[in-house]
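Novice: Pasting a structure here, questions to come.
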Amino acid sequence: MDIHLPEECWELICKAMEEDDYRFLESVSVVSTLLLSITNRVRSTFVITDRTLPSLDRHLLRFPNLKRIKFFDFHHDLDSTLLQVSRSGLNLESVDVSQMRCFPDFESKSGTTTTMRMMKELKCSRVGAFQDSNLVSIGESFPCLEKLDISYPNSIPSRVSDSGVISLSSNLKGLLKINISGNSFITDKSLIALSRNCLLLREIIFRDCDFISSDCIKFLLHNSRNLESLAINGIGLRPRESLPSDAFRFARRLIDLDLSDSFLFDELLCFIADAKLPLKKLLLSNFQGFTFDGLCYFLSKYQTLLHLNLNGANFLSDDMIVKLAMFFPRLTFVNLSFCSKLTGSSFFTVIERCVSLRCMIMEGTNFGVEDYDDKELNVKSRIKFLYLSRNHNLRDECLEKISRHCPFIESLDVAQCPGITRDGILHVWRNCGDLRSLDISRCTGIRSLGVVVDFELPKLESLRACGTWIDDQALDMISKRCRGLLHLDLQGCLNVSSKGVREVVQRCIRLREINLKYCEADDGIFTWMVFANPSLRKIVPPCGFSPTEKLQNFLLRHGCVISHDSSELLSISYRVNGRDDDTLTRLII
């Protein structure tokens, strides 16, 4: 690495790394004092946890250009911590308090809103005891807010009503995006107030709001002339009727439409098709009602689509995909998961026809039952993200074909594919040199990864192997060939012992997180792990292990934490859960 590049060049490089994942900056910062200064300067995101709280003042001074603060795994006083942040003088643009036990009291802390008053984004999804008074506080404290997420408050019954939303909308005239999903008691009054008061509104998400009528949705589409993105479910299902035929006539800027979990007739699809919207993204996950003819007509009118989600379209067959693929010239993302009639033939048809494709999700299909001859397929797809989990018929031969025709894959998920063995994974490793993330969890056919491997995977950063028969011998091979690992998940690998763990920890010097839940690792190994690998930040120990206070304090001093919660490991894996594929879309487009 040439450290003598101009400082401006290094700053551009560090900014690009920070946009991908701010944690990449940590390894860069230790190279030289120059790079330490640059990484401190470009860092824009900071996560406040129980572990970072004691040194929060020092962190806020170290990173003077922070724009985004997120609270995660935090159990201390939220109000006093926000006051501490506000007094730092940072010009914050975004605060995320999602999943906190309660909403912070901004108004009672006089200094809290002084420096945050110009904040543009507030995320408070799944906050406990969220209610109307909190909406009033948000509207009065942050008049410049542009993005707001108040979805799925963690209170039963819901304490958010129309009066709170109406008050909020009257104060946030510049609101551009709002997610009010899961506030089950709001009605048409809330949506009408948002449409009338927030004239710049571009995106609104209101899933699981059963008391909003179809007529109100029509009003929103007609009145909100700047609307670019709409997400709603339950169309055509009680108590909401199907949308009127002319509902989309005036939605001239709509580029993102999500009608998942709805009952849609062909007639409505045809009306939307004839509206000639500038659609780029369409989500019809778990829909009912319409047929192949209706879908075919719709897609023929929107051949400029970039993103298509047809998750759960059980009527689709391989022959139908051949016909639909001619309408996908610009597609970069497609989800065909749980289309039970589709086989590998559909996969190869799509990658051949969709030359711009970067991500494909095809989980829970019939991939592998076909006798597909790929000799006439002369294509090297540029696809980077491929998710094929729960395909029980997927075999090594299929995986070998995939790796030959998709050599640029960066993230591959073949979890819960019992037909895959060591040979299939080695084909992928040999042919896909850009692989950064691999999930082989619960692939019970993988008994070993062998000893002699004639290649390396320097780019592999995340490996999930939960519930496999991987043993110490496999870990020895991984430690030699995958030295760039950042995240290793071995939960439920009963053949893994302290011997294999030592090999990985010692050789993979960048390793940040390791999950050893249900493994046979000795209690005494954890102190050694931190000494042997200073980059470690999180360890999930075997069940039954209870660290002493002395050990916990020792680990904290070295920037590491032992946690029995394996559900929130901060991995580099680019995984998409359910319908929430916005993050991956941003990576692709």
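The values are calculated or read from the model by the stated rules, or taken from the named source; none is laboratory data. Because the structure is predicted, anything quoted here is derived from the model rather than measured. Cβ placement follows ideal geometry from the backbone for every residue including glycine, while neighbour counts extend to all protein chains displayed. Note: accessible area is taken over every heavy atom of the protein model, side chains too, but ligands, DNA and RNA are not part of it. Shrake-Rupley method; radii C 1.70, N 1.55, O 1.52, S 1.80 Å.
Novice: How far is the Cα center of the range 258-320 from the Cα center of the range 515-558, in Å?
Specialist: When both Cα centres are located, 50 Å separates them.
Novice: How many percent of the accessible area of the range 412-509 is carbon or sulfur, using a 1.4 Å probe? Intermediate results must be reported in sequence, preceding the final value.
Specialist: Working: 1670 of 3520 Å².
It is 47 percent, rounded to a whole number.
Novice: Which residue, chosen from I192, C354, S32, occupies the Cα position most advanced towards the positive end of the dipole of the chain, where the dipole is computed from +1 (Lys, Arg) and -1 (Asp, Glu) charges on Cβ about the Cα centre?
Specialist: S32
Novice: Would you mind calculating the relative contact order of the range 342-484 from Cα pairs under 8 angstrom and at least 6 residues apart, reporting the percent as a whole number?
Specialist: Values: 308 pairs, mean separation 25.2, N = 143.
Reported relative contact order: 18 percent.
Novice: A follow-up question, please. For the range 225-276, which GluC sites (Glu not before Pro) pass both filters: DSSP loop (anything but H, G, I, E, B) and at most 14 other C-beta atoms within 10 Å?
Specialist: Values: sites: E228, E241, E267; in loops: E228, E241.
Taking the range 225-276 and a limit of 14 other Cβ atoms within 10 Å, the loop GluC sites (Glu not before Pro) found are E241.
Novice: Is there a quick way to get the dipole size of the chain? I mean about its Cα centre, with the Cβ of Lys and Arg at +1 and of Asp and Glu at -1; what is the value in debye to the nearest 20? Please report the intermediate quantities before stating the final value.
Specialist: Values: 72 positive and 74 negative charges, 216 e Å.
It comes to approximately 1040 debye.
Novice: Now for a separate question. Each residue of the range 480-494 in order: what ³J(HN,Hα) in whole Hz does its phi give by Karplus 6.51 cos²θ - 1.76 cosθ + 1.60, θ = phi - 60°, with x for Gly and Pro?
Specialist: For the range 480-494, the Karplus curve yields 7, 9, 10, 6, x, 4, 10, 9, 9, 10, 10, 4, x, 8, 6 Hz.
Novice: How much length is gained on full extension from R252 to L199, taking 0.36 nm per residue of separation minus their Cα-Cα distance?
Specialist: Numbers: separation 53, 0.36 × 53 = 19.08 nm, distance 1.50 nm.
Roughly 17.6 nm would be gained on extension.
Novice: In nm, what is the difference between 0.36 nm times the number of residues separating N223 and E456 and their Cα-Cα distance?
Specialist: So the extension gain works out to 78.1 nm.
Novice: Tell me the label-point distance for the pair R422, D79, using the 7 Å Cα-to-Cβ offset, in nm and rounded to one decimal.
Specialist: 6.1
Novice: Excluding ligands, DNA and RNA, what is the solvent-accessible area per residue of the chain at a probe of 1.4 Å, expressed in Å²?
Specialist: Working: 25410 Å² over 589 residues.
Computed with neighbouring chains in place, this is 43 Å² per residue.
Novice: Tell me, what HN-Hα J-couplings in whole Hz come from the Karplus equation 6.51 cos²θ - 1.76 cosθ + 1.60 at θ = phi - 60° for each residue of the range 61-74, using x for Gly and Pro?
Specialist: Whole-Hz 3J(HN,Hα) from phi for the range 61-74: 6, 5, 10, x, 10, 4, 10, 10, 10, 10, 9, 8, 6, 10.
Novice: Let me ask you something else. Full-extension gain between I509 and D319, please, as 0.36 nm times their residue separation minus the C-alpha to C-alpha distance. Walk me through the numbers on the way to the answer.
Specialist: On the way: separation 190, 0.36 × 190 = 68.40 nm, distance 4.92 nm.
This chain segment gains 63.5 nm when fully extended.
Novice: Taking the Cα centre as origin and putting +1 on Lys and Arg beta-carbons and -1 on Asp and Glu beta-carbons, what dipole magnitude results for the range 96-253, to the nearest 20 debye? The partial results should precede the final answer.
Specialist: Working: 21 positive and 17 negative charges, 73 e Å.
That gives a dipole near 360 debye.
Novice: Moving to a separate point now. Which value, in Å² rounded to 10, gives the accessible area of W528 with a 1.4 Å probe and all protein chains present?
Specialist: Estimated to the nearest 10 Å², W528 gives 70 Å².
Novice: Mean projection of the alpha-carbon convex hull of the range 430-561 over all orientations, in nm²?
Specialist: On the way: hull surface 29.1 nm².
Across all orientations, the range 430-561 yields a mean hull projection of 7.3 nm².
Novice: Leaving ligands, DNA and RNA out of it, rank V530, V369 by accessible area with a 1.4 Å probe, largest first. Present the calculation step by step, with values, prior to reporting the outcome.
Specialist: Details: V530 5, V369 80 Å².
Heavy-atom accessible area, descending, gives V369, V530.
Novice: Starting from the Cα of C102, move 7 Å in the Cα-to-Cβ direction to define the label point; list residues of the range 46-81 whose amide nitrogen is under 20 Å from there.
Specialist: Once the point is set 7 Å along Cα→Cβ of C102, 49-50, 71-81 turn out to lie under 20 Å by backbone N, inside the range 46-81.
Novice: Report, largest value first, the span of the C-alpha coordinates of the range 351-498 along each principal axis, in whole Å.
Specialist: Rounded to whole Å, the extents work out to 48, 28, 24 Å.
Novice: Compute the separation of the alpha-carbon centres of the range 156-223 and the range 37-78 and state it in Å as a whole number.
Specialist: A separation of 33 Å, based on Cα centres.
Novice: Ok, one more. For the residue pair V31 and H59, what label-to-label distance in nm results when each label sits 7 Å from Cα along the Cα-to-beta-carbon direction?
Specialist: In this crude label model, V31 to H59 measures out at 2.4 nm.
Novice: Pick out, in residue order, every one of the trypsin sites (Lys or Arg not before Pro) in the range 299-341 that is DSSP loop and has at most 16 other C-beta atoms within 10 Å; say none if there are none.
Specialist: On the way: sites: K301, K323, R330, K341; in loops: R330, K341.
Answer by residue number: R330, K341.
Novice: Do you know the relative contact order of the chain, to the nearest whole percent, from alpha carbon pairs under 8 angstrom that are 6+ apart? Provide the component values of the computation, followed by the final result.
Specialist: Numbers: 1336 pairs, mean separation 28.4, N = 589.
That works out to 5 percent.
Novice: Per-residue HN-Hα couplings for the range 282-299, Karplus 6.51 cos²θ - 1.76 cosθ + 1.60 at θ = phi - 60°, whole Hz, x for Gly and Pro?
Specialist: 9, 10, 10, 5, 6, 7, 9, x, 7, 10, 4, 4, x, 5, 4, 5, 4, 5
Novice: Here's a follow-up. Output the relative contact order of the range 313-426, whole-number percent, from Cα pairs under 8 angstrom with separation of 6+ residues.
Specialist: Details: 228 pairs, mean separation 25.6, N = 114.
Value for the range 313-426: 22 percent.
Novice: Starting with the highest mean, order 554-560, 471-477 by the number of other Cβ atoms within 10 Å, averaged over the residues of each peptide.
Specialist: Details: 554-560: 16.1, 471-477: 19.9.
With the highest mean Cβ count within 10 Å placed first, the list reads 471-477, 554-560.
Novice: Another question, if that's okay. What does the net charge come to around S317 if you take all other residues with beta carbon closer than 12 Å to its beta carbon, with K and R at +1 and D and E at -1?
Specialist: Working: positive: K323, K341; negative: D318, D319, E370.
Spelling it out: positives minus negatives among the neighbours equals -1.
Novice: Run lengths n ≥ 4 of DSSP H only: what is the helix-derived mean residue ellipticity at 222 nm for the chain, with -39500 (n - 2.57) per run over all residues, to the nearest 500?
Specialist: Details: 21 runs with 190 residues, N = 589.
Estimated from H runs of four or more residues: -9000 deg cm²/dmol.
Novice: What shape does the chain have by the C-alpha gyration tensor, where a ≥ b ≥ c are the square roots of the eigenvalues, rounded means a/c under 1.5, and otherwise prolate means a/b greater than b/c and oblate the rest? Don't jump to the answer; show the numbers that get you there.
Specialist: Numbers: a/c = 1.85, a/b = 1.09, b/c = 1.70.
Judged from the Cα gyration tensor, the chain comes out oblate (a/c at least 1.5, b/c at or above a/b).
Novice: Cα-Cα over 26 Å: which of K301/K323; K147/K189; K276/K380; K147/K276; K67/K173? Kindly include the intermediate steps, with their values, before the conclusion.
Specialist: Numbers: K301/K323 14 Å; K147/K189 20 Å; K276/K380 34 Å; K147/K276 28 Å; K67/K173 22 Å.
From K301/K323; K147/K189; K276/K380; K147/K276; K67/K173, over 26 Å: K276/K380; K147/K276.
Novice: Using 7 Å Cα-to-Cβ label points, what is the F531/F554 separation (nm, one decimal)?
Specialist: 0.8
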